[in-house]
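Peer 1: Pasting in a structure now, in structure tokens, and then I'll have a few things to ask.
What follows is calculated from the coordinates using simple rules that are stated; it is not laboratory data. What you see is a predicted model; the values in this text were computed from it and never measured. When we count neighbours, we look across all protein chains shown, and the Cβ atoms used for this are built from the backbone with ideal geometry, even at glycine.
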Amino acid sequence: MSDKVSFNDALRKALHLGGTLFAVTAVTGILLGLVENVTSKAILQAEIAAKNEAYRLVMPAGKTFEDAEVKPDDFVTGVVKAMDESGVVGWCVNVSSKGYGGMVGFVVGITKDGAVKAINILSHSETPGLGAKSTEPEFYTQFNDKDKLPLKVVKGSASNPDEIAAISGATITSNAVTDGVNGAVDYWSKNLKGAE
């Protein structure tokens, strides 16, 4: 009889422990799901806000921004129409280009006549102190108001309107951004020129 009692006690304890572990796991899973749901919405909202700010920076004449349905290509991942009360004032072209450490994501503002208004780097995994300098105004402001295209990267100072001075020690990153800008302008000329 004592063997039966000890077996029943052991079974009861095992079931109690199993039930407790199941309850703890279920509650933890539910809590993690709720946290993920809340944080994923916040992260998505932050990404949208960052892109909208980038659109305003690269196409300041735009008052509103509307997604354009386009086919992506080697560089272009998306296009947004920049509009004011009179209609389309330009295009915000989302670009992804292969840098030294990975992909460099940025937005290129292109006016209705095909000039580059400005660029804004959104993401990168470039080397700190080298390719990461692509996010510094000394580099990216070189693309402001460029209408002599395509652009090319030069070592040292840029002396011609179609030149971009490379970041010292980060020519690959400099070329990646410049190639992406040229790719965006090429995309504009083939797909967006004259479209409204």
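Peer 1: Just to verify a number: FRET efficiency for residue 165 and residue 193, C-beta to C-beta distance, R0 = 25 Å, to 0.05?
Peer 2: Using R0 = 25 Å, I get an efficiency of 0.30.
Peer 1: Per DSSP helix of 4 or more residues, -39500 (n - 2.57); summed, then divided by the residues of the chain. What does that give at 222 nm, rounded to the nearest 500? Present the calculation step by step, with values, prior to reporting the outcome.
Peer 2: Working: 3 runs with 78 residues, N = 196.
Roughly -14000 deg cm²/dmol at 222 nm, from the helical runs in the chain.
Peer 1: Multiply the residue gap between residue 16 and residue 37 by 0.36 nm, knock off their C-alpha separation, and tell me the result in nm, one decimal place. Provide the component values of the computation, followed by the final result.
Peer 2: Values: separation 21, 0.36 × 21 = 7.56 nm, distance 3.15 nm.
So the chain would gain 4.4 nm between residue 16 and residue 37.
Peer 1: Determine, for each peptide in 45-51, 136-142, 80-86, the mean count of other beta carbons within 10 angstrom over its residues, then list the peptides with the highest first.
Peer 2: Numbers: 45-51: 11.9, 136-142: 13.9, 80-86: 16.3.
By packing density, highest mean first, the sequence is 80-86, 136-142, 45-51.
Peer 1: May I ask for the distance between the Cα centers of the range 161-186 and the range 17-41, given as a whole number of Å?
Peer 2: When both Cα centres are located, 48 Å separates them.
Peer 1: Moving on. For residue 154, enumerate residues with amide H under 5 Å from its amide H, sequence gap 5+ or separate chain, H modeled in the peptide plane.
Peer 2: Residues meeting the amide H criterion: 164, 165, 166.
Peer 1: Please state the shape class of the chain: rounded when a/c is under 1.5, otherwise prolate if a/b exceeds b/c and oblate if not, all from the C-alpha gyration tensor.
Peer 2: Details: a/c = 4.18, a/b = 2.44, b/c = 1.72.
Prolate is the answer for the chain, as a/c is 1.5 or above and a/b outweighs b/c.
Peer 1: Take the cross-link list 81/117; 63/117; 51/190; 81/148 and give me the ones stretching past 21 Å between alpha-carbons.
Peer 2: Working: 81/117 14 Å; 63/117 15 Å; 51/190 24 Å; 81/148 23 Å.
From the list (81/117; 63/117; 51/190; 81/148), the Cα-Cα distance tops 21 Å for 51/190; 81/148.
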